[in-house]
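The values are calculated or read from the model by the stated rules, or taken from the named source; none is laboratory data. As the structure is a prediction and not an experimental result, all values here were calculated from the model. Cβ placement follows ideal geometry from the backbone for every residue including glycine, while neighbour counts extend to all protein chains displayed. Each accessible area value is taken on the protein alone, full model and side chains, heavy atoms only, with ligands, DNA and RNA left out. Shrake-Rupley method; radii C 1.70, N 1.55, O 1.52, S 1.80 Å.
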Amino acid sequence: MSDAQMSRSSRFTADILTTDSDRSFIQSLYEFMEHEKKCLQCPGEGPDELRYTVHRSVFSKVIGRATAYKRLLLSIKSEYDSTIRELQRREEEARAARLTVGASESRLKSLLTCERQAAHLRERIFTLQRETAELQEEIEREKTSKEQSTWLPGLTVAESSDPEALDEYLKDMEAQRDALLDRKSHCVPLEVKTKLDAELQAAKRRRDELSAENNHLIVLYKRLRSVWDCLSSWEEEGQPVPLGELVGSTLENIREADGTDEDICSIKQLFEDQEPTGADASELVSDYLDRFLKLFESAQYEDAALIAARAPRGVLRNIDTMEMFKGVEVLPGSLSPSFLFFWALLFTAGANGELSAPLSLQGVSCALQSGALQLVSYAVTQKKLTFTEELGDVLTEHAQENPGVADLCLTLATIIYEACRLHRKAALSMCRRGLIHSAAEFLKHCEDLTAEDSMWVLCRSPSLSLLQLLTEPLQDSGAILSVGGACAALLADPQRRPIALQLLDSFVGRGALEEVIVGDVGSSVDVWTHVVSLCSELERDDLSRVILSVLLSQSGTRIVTPDPEGARLMEHVYL
């Protein structure tokens, strides 16, 4: 008993004792208890068997002095002693069980060690037997080769000992020698052959280069001839369509006729290679700027967009030009000039050309506003844009505002997030598309993601299926999220607590709650105690009672309860 408890008990007994002899008797008992505790060196706090012995002796003295309540006090003492003995018996049984388990584990380890050694020895014996067989075969081959080394090639054993056969064999060998000497006289040195081979290879390479260049020039001539014919017809017919549209349709026809996009790129490369430099380049840029401003001021935005996209050295392929087009007010139902500029940029981009990040972001926003989602899909899949997190966010917001195209927008956003290594946003996009299992597999196998990232995805896309998949243990490691930690975090959020309650109800319904709590190595007892308190606050006493009973049934588990009566009960048990 602690000093505070003794002081409270002394004030309590002082109120009920009436005679001086009783008071002196109680005072002597307190002095006896203090003296015995000091002699036995009892700890000041916590359960201790020596303190129990001292209190038991004092209680016996109280019973010996009592008269009217002696039978009741004896019954209380007997029940208390029985409880203490039962606790000691359980502790001894637990200690014996731990010793038994330890001995079993030791024997099991010894058995496994012996089995591993036996397997290693068997493997070693098999290896030695195989090596022995190989050595025996090698010895046999050596013996056979030594026996055959005295034989002449092309002769049998009998002919090898026949003089006439040997004479014939000698004549054949001499004839072969003479033929080789005659052939050698017609040969040149090896250095000459090496030099001639090098000259031949150089001539072949030069021939291949000239042939490739000739084929390239023939293809370019044919295409340029097609463009010239179209331009001549366009001029003779009085320019019925804009020049940009004519050039675009002509190149599209060439693409369909030849079947590859590389051919179109070759035409564009030809135009780019033949662009002027120096003073001529400055005049060309100035001419493009004048034509662009003239078309822009006359509200011919489509032609102006094509001129800006095709300007030499990309002087107009920038965000400033995009801002000029965005500042134009258009009539309802017509395409915005900024969208036309974005379309022209994509059309005139090279095979490996990517728009800058600001242009990509502004162009995609304009295309989405104009309903040209297929153009955005083409730009993303063909890698015509610079991928950024902001670009993926724009597509995600558009998907949330337009459910009809949400799947395609989220797919494109996933591609962008993965390219930017924003893995948790990529997983969130998968969840919003309904690909829960794919998102869970992605979260499990992505090394860059942590448990906090998985919880971030779960909070922004709450789903019972996703929660179950993330809390399932993996084959080679534990679960991504601990059940206790995930439930505690979700129960604290009013919008997400239903899925946590559904998960706990499913465990209770299957009778697997105890197994889940015991196997949840990522959550301590305090975490599950917090889950119990949250369930009580939500008036789910059935869940709190079941979880609390599982915690109390585990050996060594101690629950700290805020209830005063429960605290007094636990204090009585530990004393």
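Identify, please: which residue in the stretch 325-345 is modelled with pLDDT under 85 and among the aliphatic types (A, V, I, L, M) and is, among those, nearest to residue 378 (Cα to Cα)?
335
Give me the pairs: first residue in the stretch 431-450 and touching a residue at least 12 places away in the same chain (Cβ under 8 Å), second residue of a type in the set (Ser, Thr, Tyr) and assigned to a helix (DSSP H, G or I), beta-carbon distance under 6 Å, and six or more apart or on different chains, which are they?
From residues that are touching a residue at least 12 places away in the same chain (Cβ under 8 Å), the pairs are 436/465; 443/454.
Could you check, for the stretch 383-391, whether at least one of its residues is out of contact with any Phe, Trp or Tyr (no Cβ under 9 Å at 6 or more places or on another chain), at pLDDT 90 or above and of a type in the set (D, E, K, R)?
Yes, because at least one residue in the stretch 383-391 is out of contact with any Phe, Trp or Tyr (no Cβ under 9 Å at 6 or more places or on another chain), at pLDDT 90 or above and of a type in the set (D, E, K, R).
Any residue at all in the stretch 530-542 that's closer than 28 Å to residue 88 by Cα and either modelled with pLDDT of 85 or more or open to solvent by 60 Å² or more (accessible area, probe 1.4 Å) (or both)?
no
Of the numbered conditions (1) out of contact with any Gly (no Cβ under 9 Å at 6 or more places or on another chain); (2) modelled with pLDDT under 80; (3) surrounded by 10 or more Cβ atoms within 10 Å (Cβ to Cβ); (4) not aromatic (Phe, Trp, Tyr), residue 70 satisfies every one except a single condition; which is it?
(1)
Return the only residue of 201, 269 being open to solvent by 80 Å² or more (accessible area, probe 1.4 Å) and at pLDDT below 75.
269 is the lone residue from the list that is open to solvent by 80 Å² or more (accessible area, probe 1.4 Å) and at pLDDT below 75.
Select, from 32, 25, the only residue that is closer than 26 Å to residue 82 by Cβ, modelled with pLDDT of 80 or more and part of a helix (DSSP H, G or I).
Just one listed residue meets the conditions, 32.
For the stretch 331-364, which residues satisfy the criterion of being in contact with a Cys (Cβ under 7 Å, 6 or more places away or on another chain) and surrounded by 20 or more Cβ atoms within 10 Å (Cβ to Cβ)?
Of everything in the stretch 331-364, those that are in contact with a Cys (Cβ under 7 Å, 6 or more places away or on another chain) and surrounded by 20 or more Cβ atoms within 10 Å (Cβ to Cβ) turn out to be 338, 339, 342.
This table checks each residue for (1) at pLDDT 85 or above; (2) in contact with a strand residue (DSSP E or B) (Cβ under 9 Å, 6 or more places away or on another chain); (3) of a type in the set (Gly, Ala, Ser).
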| site | (1), (2), (3) |
| --- | --- |
| 149 | no, no, yes |
| 152 | no, no, no |
| 171 | yes, no, no |
| 181 | no, no, no |
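Give the residues of the stretch 318-335 that are over 12 Å from residue 363 (Cα atoms) and either touching a residue at least 24 places away in the same chain (Cβ under 8 Å) or in a loop (DSSP other than H, G, I, E, B) (or both), sorted by residue number.
Listed by number, the residues that qualify are 324, 327, 328, 329, 330, 331, 332, 333, 334, 335.
How many residues, within the stretch 422-448, are in contact with an Asp or Glu (Cβ under 7 Å, 6 or more places away or on another chain) and either surrounded by fewer than 17 Cβ atoms within 10 Å (Cβ to Cβ) or assigned to a loop (DSSP other than H, G, I, E, B) (or both)?
Residues in the stretch 422-448 being in contact with an Asp or Glu (Cβ under 7 Å, 6 or more places away or on another chain) and either surrounded by fewer than 17 Cβ atoms within 10 Å (Cβ to Cβ) or assigned to a loop (DSSP other than H, G, I, E, B) (or both): 2 in total.
From the list 465, 438, 454, which residue is modelled with pLDDT of 80 or more and closer than 15 Å to residue 417 by Cβ?
Checking each option against the conditions leaves just 438.
Give me the pairs, please: first residue somewhere in the stretch 85-113 and surrounded by 10 or more Cβ atoms within 10 Å (Cβ to Cβ), second residue anywhere and among the polar types (S, T, N, Q), beta-carbon distance under 8 Å, and either six or more positions apart or on two chains.
Listed by first residue and then by second, the contacts come to 94/555.
Identify the single condition in (1) over 29 Å from residue 416 (Cα atoms); (2) in contact with a Ser or Thr (Cβ under 7 Å, 6 or more places away or on another chain) that residue 470 does not satisfy, given that it satisfies every other one.
Going through the list (1) over 29 Å from residue 416 (Cα atoms); (2) in contact with a Ser or Thr (Cβ under 7 Å, 6 or more places away or on another chain), residue 470 breaks only (1).
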